[in-house]
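These notes concern the structure reproduced below.
Each reported figure results from applying straightforward, stated rules to the coordinates on display, with no laboratory input. Everything numeric in this text was worked out from a predicted model, so none of it was measured. So basically every Cβ, Gly included, is an ideal-geometry build from the backbone, and we count neighbours across all protein chains shown.
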Amino acid sequence: MTIRPTDRWRKRIETEAQQIAAGELAASEAYYAARYGDAVTPAEEAFRVFEEELKTLATASDDHVFAAVERVAVALNTIDAECGVGFDTLDREDLCDYIDASLSGAGIDVDALAARRGIGRAEITDEWRDW
């Protein structure tokens, strides 16, 4: 199973909570909780829906696969805007790696999929993502 970016966010938030409880970190300095706290639950749901959809796409048309990619990218746009995350370069790479690995894990040849669209593998979310 592909590791979700939210798994890392949640772990960092938990580590900060432990540091706060131990007096090693001021609550006002809890970067990950402030940045990702509101985004974890909606992002988990977006990833769950995407992963469920992927179970049906191994033999689907390119259009169906790209539609699933579009839906998760747009969901992440909404989460980024509504939760005020402000996904940065590392987040973008992490999110794109998650999408790519999830597609590959579902049996989709991402290189071939992208090539048939005339784009590079790293560009499969570019048409829809704002982050």
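For the range 38-123, the dipole from Cβ point charges (+1 on Lys and Arg, -1 on Asp and Glu) about the Cα centre works out to 340 debye, to the nearest 20. Compared with the direct C-alpha span, the chain from Val74 to Ser61 gains 2.7 nm at full extension, assuming 0.36 nm per residue. With Cα atoms as the point set, the chain shows a radius of gyration and Dmax of 16.3, 54 Å.
Give the shape of the range 89-131 as rounded, prolate or oblate, defined through the alpha-carbon gyration tensor: a ≥ b ≥ c are the square roots of its eigenvalues, a/c under 1.5 means rounded, and otherwise the shape is prolate if a/b is larger than b/c and oblate if not. The shape class here is oblate. Just flag the trypsin sites (Lys or Arg not before Pro) in the range 1-84 sitting in loop per DSSP whose Cβ has no more than 12 other Cβ atoms within 10 Å. The qualifying sites are Lys55. Only helices enter the 222 nm calculation for the chain: every DSSP H run of n ≥ 4 contributes -39,500 (n - 2.57), and dividing by all residues gives -21000 deg cm²/dmol, rounded to 500. The convex hull of the Cα atoms of the range 47-124, projected and averaged over all directions, covers 4.9 nm². For the chain, complete DSSP H runs whose alpha carbons reach 20 Å or more along their own long axis and whose mean Kyte-Doolittle score is 0.0 or higher are 62-83.
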